[in-house]
Structures are given as structure tokens and as C-alpha cells.
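Asks: Got a structure here, written out as C-alpha cells. Questions coming.
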Amino acid sequence: MTLNFANMKRLSTLLLLSTAFSQTACVADSPENTKLSDSQRIEMTKTESDLTPKNIIVFIGDGMGISTITAGRIFIGQEKGQTGEENQLSFDKFPQLALIKTYNTNAQVPDSAGTATAILSGYKTNIGTVNVRPNKNLKNMLAEGCGGETAATLTDKAKAANKSVGVISTARLTHATPAAMYAHSVSRDIEADKDLAILPADMGCASISAQLISSDVDVALGGGRKEFTDAQIAAWPGTIASDAAQMTAAPQDQPLLGLFNRSHMSFEADRAETKEPSLAEMTTYTMDRFASDPDGYVMMVEAGRIDHAHHGTNAYRALKDVQALDEAVAAAVAKAGDDTLILVTADHSHVFTMAGYPVRGNPILGLVRGVDQETGGAETEYSLDQDGKPYTTLGYQNGPNIREADSDTLTDNIVQSPDFRQQTAVNLSGETHAGEDVALFATGPGAHRFSGVMEQDEIGQRLGDLLGE
Ligand SMILES: [Zn+2]
């Protein structure tokens with residue numbers, strides 16, 4: 001293309017918005033540091049169409065706060081035989097990064113229904129509601145008829161642009177995050193038809209499972225078979241798969257609904273004993289199917305069980321599911337062309353902490369050993385608390401298994417067992433979400449639109465813009 005002034009001005013603005021620009025601007029040691037680097041010149045020749053993706057993949061690590069990302073990075077590195085801290089996750093290499101404010105319209109610490117509505121549909125809403133406008137309470141929402149006026153879902157926007165749509169989750173496909181791709185519900189708990197009984201009267205609302213069956217989603221892969229009636233399964237206008245082999249054997253020319261577990265799919269740590277596909281297999285399978293669509297595709301891929309392991313204060317399973325997400329993103333990056341925007345984010349954080357001055361390379365699931373100031377290596381003895389007891393690097397601010405002075409003394413054998421539940425400070429029956437910002441990583445055309453500190457609903461708004469809304 002010819003660079004005219006208008007283009008230069010517009011592209012300069014884009015470049016100013018771009019972290020990639022600042023990363024490639026390190027020419028201070030050059031005697032000609034007023035000149036542009038080669039990569040900046042390439043950036044400046046990009047047109048608007050170069051910056052509009054054909055395909056969009058949104059990865060959501062449910063509950064993958066920043067402490068989970070750091071611990072996951074070290075865990076994966078240590079599984080590779082490294083000390084761990086230096087490891088890079090597949091999305092650590094993405095050029096664009098943003099911090100995301102996750103609060104719901106009526107909640108300081110959010111849930112997945114309100115946050116997924118923000119990420120995917122582009123507006124914040126009440127805690128516990130899926131793709132319905134915020135309102136004072138359930139009674140008001142119902143008075144307006146199952147939530148009142150609803151905005152377009154990401155599936156609607158993708159279909160308006162003639163794109164194929166994929167919904168992938170290791171949770172139930174009717175769970176809050178995947179539901180936000182295709183459904184509207186005044187309560188995330190109305191997954192099955194029978195759950196409509198939680199409403200005060202028959203309002204004529206549709207369950208989330210019924211809405212998936214009648215949606216325009218082309219490929220839906222995950223768990224949740226028990227949320228669907230036999231009549232709903234019979235009404236699906238395509239193929240049903242119940243294991244990995246049936247998924248790969250499914251005909252390419254009709255919609256596919258993969259329901260690989262009665263409820264949520266297995267934790268990655270337990271998947272080897274099942275016939276369930278991995279998150280990476282579901283992702284690349286769907287990308288391959290959609291590659292033949294000349295208009296492209298939009299996919300949401302959720303690592304849904306990081307959240308569940310955290311709620312149970314079982315860091316091992318949470319980190320194994322981060323590993324599965326890391327592998328799925330790596331596989332997607334390897335397969336995607338330069339026409340694909342890939343986002344990796346979380347809906348919210350958890351009260352998961354990594355603390356205590358452990359030595360470099362200390363087992364991330366282990367007890368803390370400090371740095372020996374004489375040798376520079378690990379101290380021979382564990383670090384001890386005020387009661388003279390060792391403690392783990394990883395912990396939770398609340399949940400079951402509260403740590404008390406008379407708690408059993410921990411050993412490395414105990415705490416590095418896959419089933420160990422880390423200790424907590426505030427005694428709750430289940431660990432909770434946390435309210436601090438989460439990260440968003442972006443690469444591909446349009447990635448420059450994601451940077452700085454963003455409201456979570458701006459993600460969905462920018463996805464809508466990229467789909468020509
Ligand atoms: Zn949760």
C-alpha cells in the first residue's frame with residue numbers, strides 16, 4: 001500500500017497504543033536512535049484489514065489469577081526439570097498485556113456469570129446472571145420477563161459476520177462461563193429444565209441447556225450431559241459425541257455436541273483414566289474443522305476446573321489444569337495463521353497466595369526452605385512459624401483446613417501429595433474468589449486494542465468492534 005498522511009496518522013495512533021511498539025523501540029544503544037527499527041517499519045505498513053482478525057480465540061482460565069499464573073509457570077518448569085521460575089508459559093510470549101478490573105455491577109468480588117458476560121458480550125451485569133442487563137434484583141428482572149431486553153451474544157455477533165462458532169469448556173457446557181457465549185438467564189443455576197423450579201412462578205424462561213440446543217453454536221465440547229433431557233439431545237441438529245474417539249470420527253458437515261462427562265469433565269490430573277479429550281485436543285480439533293470456513297471463526301475455550309480445584313484448596317489440581325491450558329494455547333498458536341487474534345485471560349482471581357521466602361527452585365508445592373546465607377543454597381532446615389512448625393509456599397486466605405497451633409505438623413511427603421489441600425486462614429466451608437485485577441495476554445491482528453488497565457466489559461466491546469458490530 002501507499003502510505004498517505006491519513007494512514008500515517010491513524011497508524012501512529014495504533015502504534016502508540018501498542019506495547020509491541022515499546023518493545024521494539026529499544027534502539028537507545030544505536031548511534032542512529034532516531035531511526036525506526038525494521039519491525040516498526042513493518043508495523044507502519046499494516047492496513048486496517050491487517051489489523052482485523054479473520055479468526056478469534058478467547059481462552060479463559062476460570063479463576064486463573066496472577067498468583068495462579070506465577071505458581072503454574074513454576075510448577076510446569078519444575079515438571080520439565082528446571083528450577084521453574086525462569087520457565088515461560090505459551091502466553092508469556094504474547095506482545096500485548098492488560099490488567100482487567102473484574103467487579104460485577106453489584107459485587108466487589110465477582111462470579112463467573114457476571115464476568116463472562118463482560119468478557120464475551122461487552123457489558124457488566126449482576127453477580128450470578130448470564131447475559132441479562134443489570135437490575136436491582138431477581139424480582140425486578142423477572143418482572144421484565146426473564147431478564148428483560150437482552151443484548152447480542154458473541155455467538156450472535158460472530159454469526160452476523162458469517163463466522164463459525166465454537167464453545168469449549170472442561171466444565172459443564174451449561175456452566176456460567178460457556179453459557180455466556182450463547183444464553184441469557186436471570187440465574188446461572190438454571191442449567192437444566194428442572195432448575196426452572198427455582199423461579200417463583202412459571203415465567204416462560206428457557207433453561208441454559210435448552211438455549212444451547214436451539215443456539216447457532218456449530219461445535220460445543222465439554223461436560224454436562226446430566227443437564228440435558230433425552231428430548232433435548234434428540235433435538236440437537238447434528239452429531240453427539242461422548243468420548244474423544246467419537247469426537248474425531250464425527251462428520252465435518254454438521255454441528256457437533258460433545259458431552260464427555262455427566263457433570264464437569266475430569267481434572268487434568270485425573271483425565272488419563274478416562275476417554276475424555278484434552279483441552280488442547282478439543283481446541284485443535286475445532287480449529288481444524290473451522291479452517292474450511294472462508295469467513296473464519298470465533299471460539300471460546302475455557303479451562304473451567306482451575307476454579308474448582310481452588311475452591312477445594314487443592315493447588316496441585318489447579319496447577320495441572322493451568323498446564324493443560326498452557327498446552328492448549330501453545331497448540332493453538334502453532335496451528336493459527338497470522339489472521340487469528342488470540343486472547344488469554346481469566347474471569348476472576350482466587351485467594352491463592354505464594355509466600356514465605358523459599359529458596360530459588362524450592363518445590364512449588366513443598367514446605368518453605370529459605371536461602372542459606374553461607375552457601376547461597378537451600379537451608380538444611382525448614383523455615384518455621386511462631387509455633388515452631390513448617391509451612392507451605394502455597395496457601396489460601398480462606399476455605400476449609402484452617403491452620404491452627406495444634407494442627408498436625410506437615411511433612412514434604414504430605415504437602416506434595418496430589419490430594420493435599422493447602423491450609424487457610426479464615427475458616428470457610430469453601431474457598432472464595434478474589435477481587436484483584438486479572439491479566440489479559442493478546443497476540444495477532446487487533447491485539448493492540450488490549451492494553452493498559454481495562455474494565456472487563458471493554459474486552460467484549462472490542463471483540464464486538466472487531467466483528468464489525
Ligand atoms: Zn468459582
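Asks: Given contacts defined as C-alpha pairs under 8 Å and at least six residues apart, what's the relative contact order of segment 363-431, whole-number percent? Walk me through the intermediate numbers first.
Replies: Values: 108 pairs, mean separation 23.0, N = 69.
Answer for segment 363-431 is 33 percent.
Asks: Divide, for segment 230-274, the radius of gyration over alpha carbons by 2.2 N^0.38 Å, where N is the residue count.
Replies: Working: Rg = 12.0 Å, N = 45, 2.2 N^0.38 = 9.3 Å.
In units of the 2.2 N^0.38 Å rule of thumb, it is 1.29.
Asks: Taking the C-alpha atoms of segment 130-207, how large are the radius of gyration and the largest Cα-Cα span, Dmax, in Å?
Replies: So, for segment 130-207, Rg and Dmax equal 13.2, 39 Å respectively.
Asks: Considering only DSSP beta bridges where both residues belong to the chain, give the percentage that are antiparallel (nearest 5). Mind showing how you got there, number by number?
Replies: Numbers: 19 of 57 bridges.
For the chain, the DSSP antiparallel bridge percentage is about 35.
Asks: In addition: Starting from the Cα gyration tensor of segment 172-293, multiply each eigenvalue by 5, take the square root, and state the resulting semi-axes largest first in whole Å.
Replies: Rounded to whole Å, the semi-axes are 26, 17, 12.
Asks: Here's something else I'd like to know. Under 24 Å Cα to Cα from K194, which lysines show up? Leave out anything in the same chain fewer than 8 places away.
Replies: Within the straight-line cut-off, K194 pairs with K139, K226.
Asks: Can you give the convex hull volume of the alpha carbon atoms of segment 227-323 per residue, in Å³?
Replies: Values: hull volume 11.1 nm³, N = 97.
Once divided by residue count, the hull of segment 227-323 is 114 Å³.
Asks: So what J values fall out for segment 298-312 if you push phi through Karplus, 6.51 cos²θ - 1.76 cosθ + 1.60 with θ = phi - 60°, rounded to Hz, Gly and Pro as x?
Replies: So the J values, rounded to whole Hz, are 10, 10, 10, 10, 10, 8, x, 9, 4, 4, 5, 5, 5, 4, x.
Asks: Give the Rg/Rh ratio for segment 372-467, taking Rg as the radius of gyration of the Cα atoms and Rh as the Kirkwood radius, to two decimals. Numbers along the way, then the final one.
Replies: Numbers: Rg = 21.1 Å, Rh = 17.8 Å.
My calculation of the ratio gives 1.19.
Asks: For segment 204-247, state what percent of all Cα-Cα pairs lands in each successive 5 Å bin, counting from 0 Å until the bin that includes the largest distance.
Replies: Distribution as computed: 5, 19, 34, 29, 10, 3, 1, 0 percent.
Asks: Mind grabbing the base-10 log of I(q)/I(0) for segment 369-416 at q = 0.16, 0.19, 0.25 Å⁻¹? Debye formula, identical points on the C-alpha positions, no solvent, two decimal places.
Replies: -0.54, -0.73, -1.07
Asks: So, one more: Go through S112, V351, P200 and say which Cα lies farthest out towards the positive end of the charge dipole of the chain; charges sit on Cβ, +1 for Lys and Arg, -1 for Asp and Glu.
Replies: Value computed over the given set: P200.
Asks: If you rank S292, S67, S263 by fewest surrounding Cβ atoms within 10 Å, what's the result?
Replies: Working: S292 10, S67 18, S263 13.
The fewest-first ordering by Cβ neighbours comes to S292, S263, S67.
Asks: Okay, next question. So how do I119, I69 line up by other beta-carbon neighbours within 10 Å, fewest first? It would help to have the intermediate numbers written out before the result.
Replies: Details: I119 27, I69 23.
In increasing order of surrounding Cβ atoms, one gets I69, I119.
Asks: Related question: When you count, for each residue, the other Cβ atoms within 10 Å and take the mean per peptide, how do 128-135, 418-425, 236-243 rank with the highest first? Mind showing how you got there, number by number?
Replies: Values: 128-135: 23.2, 418-425: 17.4, 236-243: 15.9.
Most protected by this proxy first, the peptides run 128-135, 418-425, 236-243.
Asks: Additional query: Can you give the helix-only mean residue ellipticity at 222 nm for the chain, where every DSSP H stretch with n ≥ 4 adds -39500 (n - 2.57) and the sum goes over all residues, rounded to the nearest 500 deg cm²/dmol? List each step's numbers first, then the result.
Replies: Numbers: 16 runs with 135 residues, N = 469.
Computed mean residue ellipticity for the chain: -8000 deg cm²/dmol.
Asks: Follow-up question, since we're still on this one. For L89, which sequence-distant residues (separation of 5 or more, or a different chain) have an amide H within less than 5 Å of its own amide H, given hydrogens modelled in the peptide plane?
Replies: Long-range HN contacts for L89: none found.
Asks: Would you grab the residues whose amide H sits under 5 Å from the one on N135? Only those 5+ places off in sequence or on another chain, please, with H modelled 1.01 Å from N.
Replies: N126
Asks: Tell me, how many Å apart are the Cα centres for segment 369-428 and for segment 109-156?
Replies: 41
Asks: Follow-up question, since we're still on this one. Determine the relative contact order of the chain: mean sequence separation of Cα pairs under 8 Å and six or more apart, normalised by residue count, in whole percent. Write out the running numbers ahead of the final one.
Replies: Details: 1045 pairs, mean separation 115.6, N = 469.
So the answer I get is 25 percent.
Asks: Right, here's the next one. Using DSSP to define loop residues, name the GluC sites (Glu not before Pro) in segment 369-453 whose beta-carbon has at most 11 other beta-carbon atoms within 10 Å. Don't jump to the answer; show the numbers that get you there.
Replies: Details: sites: E374, E379, E381, E404, E431, E436; in loops: E374, E379, E381, E404, E431, E436.
Answer by residue number: E374, E381, E404.
Asks: To the nearest 0.05, how large is the calculated FRET efficiency for N137 and K194 if R₀ is 25 Å and r is the Cβ-Cβ distance?
Replies: On the way: r = 24 Å, r/R0 = 0.94.
Taking R0 as 25 Å, the efficiency between N137 and K194 is 0.60.
Asks: Now, a different point. Could you work out the mean projected area of the convex hull around the alpha carbons of segment 282-426, in square nanometres to one decimal? Walk me through the intermediate numbers first.
Replies: Working: hull surface 45.6 nm².
Result: a mean projected hull area of 11.4 nm².
Asks: Which order results if T340, T229 are arranged by neighbouring Cβ count within 10 Å, fewest first?
Replies: Sorted ascending by nearby Cβ count, the order is T229, T340.
Asks: Hey, another quick one. Quick one: which residues, 5 or more positions from L256 or on another chain, have an amide H under 5 Å from its amide H? H modelled 1.01 Å from N in the peptide plane, none for Pro or chain starts.
Replies: V219, A220, T239
Asks: State which entries of K124/K157; K54/K101; K80/K320; K93/K335; K80/K389 exceed 20 angstrom in Cα-Cα distance in the structure shown. Display every interim value, and only then the final one.
Replies: On the way: K124/K157 18 Å; K54/K101 27 Å; K80/K320 13 Å; K93/K335 16 Å; K80/K389 30 Å.
Too far apart for the 20 Å limit: K54/K101; K80/K389.
Asks: Project the alpha carbons of the chain onto their principal axes and report the range along each, largest first, in whole Å.
Replies: Taking max minus min along each principal axis of the Cα atoms, the chain gives 71, 65, 47 Å.
Asks: Follow-up. Considering only the other residues whose Cβ falls under 13 Å of the Cβ of V426, what net charge follows from Lys and Arg at +1 and Asp and Glu at -1?
Replies: Values: positive: R403; negative: E404, E431.
Charge balance in the 13 Å sphere: -1.
Throughout, read-outs are computed from the coordinates displayed, never taken from laboratory work. Source: prediction; values computed, not measured. Please note: Cβ atoms are built from the backbone with ideal geometry, for glycine as well, and neighbour counts cover all protein chains shown.
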